[in-house]
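Input: a single structure, listed below in structure tokens.
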Amino acid sequence: MRSSPRFLAALLASLALVACGDDTPQASTGTGGAAGDPGSAGGGTGGAAGDPGSAGGGTGGAEPDPQPAKCSSDVVTDDFSPGMMKVGDGGYSVSLLDSVPAPPAEGDNAWTVLVLDPEGNARDGLTIDVYPFMPDHGHGTAVQAVVTPTGSDGTYGIEPLNLFMSGVWVVRLKLIDPETSAELDVVRYAFCIKK
Ligand SMILES: [Cu+2]
């Protein structure tokens, strides 16, 4: 069940979206539709090229960085902001309420997330599987993040989120119904992690 074709399709679709520099629509609010047809992954019709080079916010920043992160040029990353929300194909939303440190950085991070169901209700009691992954290197982390409910308001703590090297990390959160083991939704964050 866990590696169902639907999941794989969704993953591929998301990767395709990321690669096409079109990740932002996932963050849109609104209940409408929840269409989610992962099958459209192969789409990538004309013009989707984009200029991935503009992803990381560019050079020439004010603060000198002795060891700038080697972020991929073809993965669009998110700019961290507290509360940033991702909506999965199934209509569930995950808001990243807080990250320690903020923005996420190399090493162990602690996240607090809020999960809402498609109707917008806080959703407690879910199993959340956490998959940090570096797409440019093809590896995750050996350190298993522990997910702990932090209240009865749909919030969960995630730590340690072991982003052990600088570069692009895609953190995938899989929402699972603990009673049926059914996968309810998947959302993902992508950050350029710096030292
Ligand atoms: Cu790596």
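No value in this document is a laboratory result; all are computed from the given coordinates. All values reported here derive from a predicted model rather than from experimental measurement. No Cβ is skipped: glycine too gets one built from the backbone with ideal geometry, and neighbour counts run over all protein chains shown.
Some observations on this one:
- Each label point was placed 7 Å from the Cα along the Cα-to-Cβ direction; for residue 108 and residue 153 their separation is 2.6 nm.
- Taking packing as the residue-averaged number of other Cβ atoms within 10 angstrom, the listed peptides 106-112, 178-184 run from highest to lowest as 106-112, 178-184.
- Residues of segment 118-153 with amide N under 11 Å of the 7 Å Cα→Cβ point at residue 164: 140-144
- Peptide ranges 147-155, 167-175 listed from the most packed, as the mean C-beta count within 10 angstrom indicates: 167-175, 147-155
- Residue 139 paired with residue 182, simple spin-label distance in nm, labels 7 Å along Cα-to-beta-carbon: 3.8
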